[in-house]
Amino acid sequence: MKILVCISKTPDTTARIAFTDNNTQFDENGVQWIINPYDEWYSLVRAIELKEKDPTTIIHLITVGGPDCDPVIRKALALGGDEAIRVNAPAKDSYYVAAQIAEIARQEKYDIIFTGKEAIDFNGSAIGGMVAELTDTPYISLATKFELTGNTALISREIEGGEEIDEVSIPVVVSCQKGMAEQRIPNMRGIMAARTKPLKVVEPTAIDALTSILSFELPPAKAGVKLVSPDNVAELVRLLHEEAKAI
Amino acid sequence: MSVLIFVDQSEGHIKKASYEVATYGAKLAAQLGTTAEALVLGTITDNLADLGKYGIKKVHQVANETLNHLDAQLFTNVIAEAVKQLGATVVIFSHTQTGKAISSNVAARLQAGIVTGASALPDTTNGFVVKKTVFSGKAFANIAIHSPIKVISLNPNSFHTLAGEGVAEVSSLAIAVGNPKVKVNSIDKIIGEVPLTEADIVVSGGRGLKGPENWGILLDLAKELHAATACSRPVADANWRPHHEHVGQTGVQIAPNLYIALGISGAIQHLAGVNRSKVIVVINKDPEAPFFKAADYGIVGDLFEVVPKLTEEIKKMRGE
Ligand SMILES: Cc1cc2nc3c(=O)[nH]c(=O)nc-3n(C[C@H](O)[C@H](O)[C@H](O)COP(=O)(O)OP(=O)(O)OC[C@H]3O[C@@H](n4cnc5c(N)ncnc54)[C@H](O)[C@@H]3O)c2cc1C
């Protein structure tokens, strides 16, 4: 069994969101970088659990990015995984990233490819579907459970107002979210081991990005809260009905 | 050049988000001086001609029962083929569970640039630039698509449906559908509840409710408002409420018309999932709770007293 876990580096969830260069660049000043929570808590931990059940399983981690991604990839290796691959190129857009991952996936022939349901910076939800398409593999998105028996995967996925259980033979590409696994904290042994695990740096395949970011904007500031006395709940209902027209 | 919208259906019914996409597609088509057409996969009981009310001129249906269940590969094949046959240059999905399962696959197949989570009509004055939410709703990015075919997936609840007059011409499209590789073993829908991502009103509870046994007052309020229910992450983590109710940066992101937060402090990660709501009401006993800074209306008070009163007052207002 060979599993690929896609890892993305994102700003910490408490990072101040600001832009520089005339609102064309994300302001990285003082930003702490983390493993995208969906990749860390759900995809990676589920892959590690599968390896714990079947120790012959090999887990590769992959990221597309510059050398500044290495600390985050090492942190992921501290949780688990056998080796990491970094495609040495800026993540130009989701198609560019997915095409790089698909290129590696075609060479390595993974049984399972896990992505997070989205990265918390660009909220694309696009990499999994693209990798699946570019490698001609079934795709299950927004998975909340993943069970494997032999070559058959039973996968629960979120649908509008409920859940569906899908059955599919591997290979499969799966985007993961809450429910897949429980968050883990790396231990000392893992951190030590991660230092010597291979981190292979490969050069990108020539691919054109199909989109580019022109600028960023911050949402308009709220006008400020209107407080209503707890003894006058009727006034809140009136405001919601007459002023906000929300009920 | 034409605009093609993908109509998402469930058990024969067109989903609400697809009417938003229809309205958006029709507006975009008018802006580009072309027409908006729709693609429907599977068998359907709703009257497809009614999509004309939202500005759709033609509806193309591939009425094959195999397509009543989602299989990303089959859907990608059929949609990509339809795009070619119809010569569509802009393809629009809703950024819902179904949209997330197929839009990027279709884009990759067509070598088309995609913007997911779009929040406004594209600016087509100079190129094709789509605004989308980034950093979980904390900011927007304006993204230019450079490829000949463009794919957009529209955030639900970010574009209001506009129903007028009109009858769409419905025809069937002959596209071979292969065999699915994904078998749907079971579907479990929570009956009677409003799906969170489609809801106009959401009532959400945090740790301030103290325990799952206290959810009754929240559910009463939600019922009175026909609202969906949500919760903060610690509430889901403690299994007070099901995981699918967890909203925030690492949960579901929503943008209802009205979001009512009960006993939620308003941590930055929570706000990231709900800050696109049009109107936010916060009920919290702590006047310093950060949520008040993001709120439109608030009551500083004990939710156990305020919430039952609120439900009563709404009943009164409605003359019940
Ligand atoms: C990486 C990361 C990701 C995260 N993702 C998410 C996420 O997606 N969603 C999310 O929600 N959180 C997320 N969190 C957690 C977040 O930081 C907060 O801890 C969490 O949102 C707090 O939940 P809460 O508001 O329910 O609880 P608390 O912060 O404990 O707040 C409870 C509130 O209830 C009020 N209260 C208590 N009693 C009453 C009463 N009787 N009447 C009225 N008010 C009362 C209190 O004043 C308080 O403000 C994340 C954290 C991290 C580190």
Taking the criterion of being part of a helix (DSSP H, G or I) and within 30 Å of A:Thr10 (Cβ to Cβ), would at least one residue in the stretch B:279-290 satisfy it? yes
How many of the residues in the stretch A:77-100 are open to solvent by less than 30 Å² (accessible area, probe 1.4 Å) and either at pLDDT below 95 or within 14 Å of chain B (Cβ to nearest Cβ) (or both)? 7
Given the criteria facing another protein chain (nearest Cβ under 9 Å) and among the aromatic types (Phe, Trp, Tyr), does B:Tyr297 qualify? yes
Restricting attention to the stretch B:229-269, which residues are closer than 17 Å to B:Pro156 by Cα, part of a loop (DSSP other than H, G, I, E, B) and within 11 Å of the ligand (Cβ to nearest atom)? B:Gly248, B:Gln249, B:Gly251, B:Gln253
Look at B:Ala272 and say whether it is within 9 Å of chain A (Cβ to nearest Cβ) and within 11 Å of the ligand (Cβ to nearest atom). yes
In the stretch A:208-238, residues that are within 7 Å of chain B (Cβ to nearest Cβ), out of contact with any helix residue (DSSP H, G or I) (no Cβ under 9 Å at 6 or more places or on another chain) and either aliphatic (A, V, I, L, M) or in a loop (DSSP other than H, G, I, E, B) (or both) total 3
Consider the stretch B:178-222. How many of its residues are modelled with pLDDT of 95 or more and of a type in the set (A, V, I, L, M, F, W, C)? 12
On the given criteria, is B:Leu219 more than 25 Å from A:Ala143 (Cβ to Cβ) and either open to solvent by less than 20 Å² (accessible area, probe 1.4 Å) or within 9 Å of the ligand (Cβ to nearest atom) (or both)? no
Give me the pairs, please: first residue somewhere in the stretch B:305-320 and under 17 Å from A:Pro230 (Cα atoms) and free of Cβ contacts under 8 Å to residues at least 40 places away in the same chain, second residue anywhere and surrounded by fewer than 17 Cβ atoms within 10 Å (Cβ to Cβ) and of a type in the set (Val, Ile, Thr), beta-carbon distance under 6 Å, and either six or more positions apart or on two chains. none
Please work out which residue is farthest from the chain's Cα centre (by Cα), limiting yourself to the stretch B:88-101 and to residues that are more than 7 Å from every other protein chain (Cβ to nearest Cβ) and under 20 Å from A:Ala98 (Cβ atoms). B:Val91
Applying the selection to the stretch B:292-320, what residues are closer than 18 Å to B:Val274 by Cβ, open to solvent by 10 Å² or more (accessible area, probe 1.4 Å) and of a type in the set (Gly, Ala, Ser)? B:Ala294
Inside the stretch A:165-178, the number of residues satisfying the requirement of being open to solvent by 10 Å² or more (accessible area, probe 1.4 Å) and without any contact (Cβ under 8 Å) to a residue 60 or more places away in the chain is 4
Could you go through the stretch B:107-118 and let me know if any residue there is more than 12 Å from every other protein chain (Cβ to nearest Cβ), more than 20 Å from B:Glu11 (Cα to Cα) and not polar (S, T, N, Q). no
Tell me whether the stretch A:176-193 contains one or more residues that are part of a loop (DSSP other than H, G, I, E, B) and touching a His at 6+ places or on another chain (Cβ under 7 Å). yes
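The values are calculated or read from the model by the stated rules, or taken from the named source; none is laboratory data. Since this is a predicted model, take the numbers as computed values, not measurements. Using ideal geometry, Cβ is built from the backbone for each residue, glycine included, and neighbour counts are taken over all protein chains shown. Side chains are part of the model used for accessible areas, which takes the heavy atoms of the whole protein and leaves out ligands, DNA and RNA. Shrake-Rupley method; radii C 1.70, N 1.55, O 1.52, S 1.80 Å.
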